[in-house]
1. What is the local net charge at Leu19, summed over the other residues whose Cβ is closer than 12 Å to its Cβ (Lys, Arg +1; Asp, Glu -1)?
2. Counting other C-beta atoms within 10 Å, which of Met125, Met56, Met21 has the fewest, and how do the rest follow?
3. Using the Cβ atoms and a cut-off under 10 Å, what net charge is assigned to the surroundings of Leu96, where Lys and Arg are +1 and Asp and Glu are -1?
4. Taking the Cα centre of region 39-94 as the origin, how large is its charge dipole in debye, to the nearest 20, when only Lys and Arg (+1) and Asp and Glu (-1) carry charge on their Cβ atoms?
5. Treat each spin label as a single point 7 Å out from the Cα along the C-beta direction, and report the Phe111 to Asp94 distance in nm.
6. Quick check for me: using +1 on Lys/Arg Cβ and -1 on Asp/Glu Cβ, what's the dipole size of region 58-182 about its Cα centre, in debye to the nearest 20?
7. What's the FRET efficiency of Glu156 with Lys75 using the Cβ-Cβ distance as r and R₀ = 45 Å, to the nearest 0.05?
8. Note down the net charge around Val107, summing +1 for each Lys or Arg and -1 for each Asp or Glu among other residues with Cβ under 15 Å from its Cβ.
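Read-outs: derived from the displayed coordinates by stated rules, not from any lab. Please read these numbers as outputs of a predicted model, since none were measured by experiment. When we count neighbours, we look across all protein chains shown, and the Cβ atoms used for this are built from the backbone with ideal geometry, even at glycine.
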Amino acid sequence: MKPKPPARVDRIKKEIEELRMIAFGAPKHSPFPEADYLELERESIIRARVLLDCAMVEEITAIIIMDHLLDDSPKWKQIKYFGRIKKYRVLYDDVLGRLPARYKLAVAKKFIQIPKNISKTILRMLAIRDVFAHVRTLDYSKTRDLSYKGINILSETGFRSYIQDSSEAVAFLIEKSSILKNPKGYPGQLHISR
């Protein structure tokens, strides 16, 4: 007999379903078919994941840059959270936060060696992000721009390929950051100590 999931899991599933209906549910008197709303939901899930992954890449590369620029600072090495220290926040938010993602990646490459396959994956991720964030809003006919490794990212096969590659790229960058590394004794859990 399968054990019943904890109440928290049931509550979260119910909340997700309610949010889904709020965000993507068809209005009662909609002139559009339900299939149009389902397509919008499918595309939005993929779009949200791509934007989230690219935001992670940008933040992690900024932290890698900070790790190397501030490597000789004893205070930087001892802190667990830099959010309350003004000079670190200024560097992170006002300097590195204004650099485009591709520039951050180029600067990070000066400090760490990034394998070609990871670098290519990150550039592909950013290209898809650019289409989702800046171009593809209402209707976009250049489906070639939505391809990931030659497969449309809106397809299940294309999205699976993207997820596998993006997960490897993010994991690689996390491993190269001293702040984001997992603490000893906690394998598999992301430890963010900003």
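1. -1
2. Fewest to most other Cβ atoms nearby, the residues stand as Met21, Met56, Met125.
3. For residues surrounding Leu96, the net value is -2.
4. 460
5. 2.0
6. My answer is approximately 280 debye.
7. Efficiency at R0 = 45 Å is approximately 0.40.
8. +2
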